[in-house]
Amino acid sequence: MAVAGSGHENWSSRSAFILAAVGSAVGLGNMWRFPAEAGENGGGAFVLFYIFCVLLIGLPVLLSEILVGRHGQANAPESVRRLARDSNAPEGWSVLASLGVFAAFLILSFYCVVGGWVLYYVGVFLGDLFQTGLTGGAFEGRAAEDIEGLLPGMFGDGALMVGLNLGFLAVTMFFVARGIASGIEWVAVYLMPVFFVLFLGITIYGAFTGNFGQAVSYLFTFDFSKLTGEVMLAAVGQAFFSLSLGVAGMMTYGAYANRDTNLAETSGIIAGADTAVAMLAGLAIFPIVFAAGLSASAGPGLMFQSLPIAFQAMPFGSLIGLAFFIMVFFAALTSSVSLLEAPTAYVFEKFGISRVAATLIVGLGAAILGILSALSFNELAEFRPLAFIPIFAEANFFDALDGVTAKLFMPIGAILTCIFVGWVADAKLIDEENGLDGVLHQTWRALVRYVCPLALAAIMLVGLFG
Ligand code: PFF
């Protein structure tokens, strides 16, 4: 539905907005990146600091971003420009969102690569279900190395990797090209509820069949000595990645929100749902992995290697595996559409071209860049584009993009957003949007003005140079 004056479609209801924003937040970040990061960064210390980051930094920034979007009613850089203009501040502040739009484009290019792997595993488990039948474990009679070998096997086939990447990107483009109501909102409203049902089912299954106690103690035992600068930066980066912050995504979605939506309440729901899913994903994945006697530190291989091996020993393994990867595919798609929407909205509003043309242009760019990420695991494995930065010294192209966006672009985008919303923009205009009063309002303002930018700057410094 187009809204008078704004010139673009809006969400058809408050719940559609919430589902779309939760859909953006909940994705590969929760199901794949969170357990991998937690495993690589020592478990409990990372997890508790992550929760701290979500509450004290992520949530206030989330509200700030959504309210900038709703005030501006336009693509992210234009929304910032309008709020700056209405506050008699320099319009050049829009650069904070331009950086974000660019970062969203970068993330999209490698996000679709992982989305492609998910599609591959949907195919693998579907094939296995036909072969081994419903009731037995997955991959009957196959050696663990064989199952583990599926991932390097896929990595080794460059054409397959590029094809999967393009396949996932094409599905994303299809829905973004259709617009808000019949594209982005459609995926959120139909796929997110299915996701939640499958997700709860698999979590309960994991709790009953796996080693739940060990997973709980792994994720929630807090060991201060493990909390290094690098772990803290990883946790902040993960919190931002998971909440879709610092890259204009939530600003873009906020622009389609109606005036009567309470943004503070909505932000709370988004952050709460996202964090709950991340924790439950950890509690679903680690018990299954521990029960199979596998290690938590398998990193990126956790979801794609350890979990399939674990499904082998489980009753209904192929079916559960299939349901699991379909669920991850749904979650990934509702996130990738938001990553594509931020640059697409910018391109079509800025250059006055159609949404379909803008989707094609941005999508084509992401496809070309994505090839480098898709080939990072074999053909371009030795290519280390950021070898001159110590913490990215070992990173291939894919890891470098992932690291730079989560550890640099996102925190920097958030620091600039905090300074803009907390110090530059007219406080009256901000207060009209945020839906907070009393102590909560004071607290939010103090967090945005002082705590978030200072904490982020400190964590970035310690993480990068400490
Ligand atoms: N939050 C998404 C996830 O956790 O998978 C990833 C993401 C989506 C990041 C949209 C940024 C964004 F703008």
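Throughout, read-outs are computed from the coordinates displayed, never taken from laboratory work. Please read these numbers as outputs of a predicted model, since none were measured by experiment. Positions of Cβ are generated from backbone atoms using ideal geometry, with glycine treated the same way; all protein chains shown enter the neighbour counts.
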**Message:** Given (1) out of contact with any Pro (no Cβ under 8 Å at 6 or more places or on another chain); (2) surrounded by fewer than 22 Cβ atoms within 10 Å (Cβ to Cβ); (3) part of a helix (DSSP H, G or I); (4) hydrophobic (A, V, I, L, M, F, W, C), identify the lone condition not met by residue 419.
**Reply:** (1)
**Request:** Give 102, 17 a once-over and let me know the one that is surrounded by fewer than 23 Cβ atoms within 10 Å (Cβ to Cβ), within 20 Å of the chain's Cα centre (by Cα), among the aromatic types (Phe, Trp, Tyr) and within 16 Å of the ligand (Cβ to nearest atom).
**Result:** 102
**Request:** Mind counting the residues in the range 242-262 that are β-branched (Val, Ile, Thr) and either part of a helix (DSSP H, G or I) or farther than 16 Å from residue 421 by Cα (or both)?
**Result:** 2
**Message:** With the condition being polar (S, T, N, Q), I'd like the helices (runs of 4 or more DSSP H) fully within the range 266-384 carrying at least 3 qualifying residues.
**Reply:** 317-351
**Asked** How many of the residues in the range 407-422 are within 14 Å of the ligand (Cβ to nearest atom) and under 8 Å from residue 456 (Cβ atoms)?
**Response** 2
**Asked** If residue 446 satisfies every condition in (1) within 24 Å of residue 265 (Cβ to Cβ); (2) in contact (Cβ under 8 Å) with a residue 24 or more places away in the chain; (3) in a helix (DSSP H, G or I); (4) of a type in the set (A, V, I, L, M, F, W, C) but one, which is the exception?
**Response** (2)
**Asked** Got a number for residues in the range 291-323 being buried (at least 21 other Cβ atoms within 10 Å of the Cβ), of a type outside the set (Ser, Thr, Tyr), away from the ligand (no atom under 16 Å from the Cβ) and closer than 19 Å to residue 211 by Cα?
**Response** 12
**Prompt:** What are the pairs, 6+ residues apart or on separate chains, where a residue within the range 237-253 that is closer than 19 Å to residue 31 by Cα has its Cβ under 8 Å from a residue that is more than 8 Å from the ligand (Cβ to nearest atom) and of a type in the set (D, E, K, R)?
**Reply:** 237/407; 238/37; 245/65
**Prompt:** Would you pick out the residues in the range 222-278 that are more than 11 Å from the ligand (Cβ to nearest atom) and charged (D, E, K, R)?
**Reply:** 223, 226, 230, 259, 260, 265
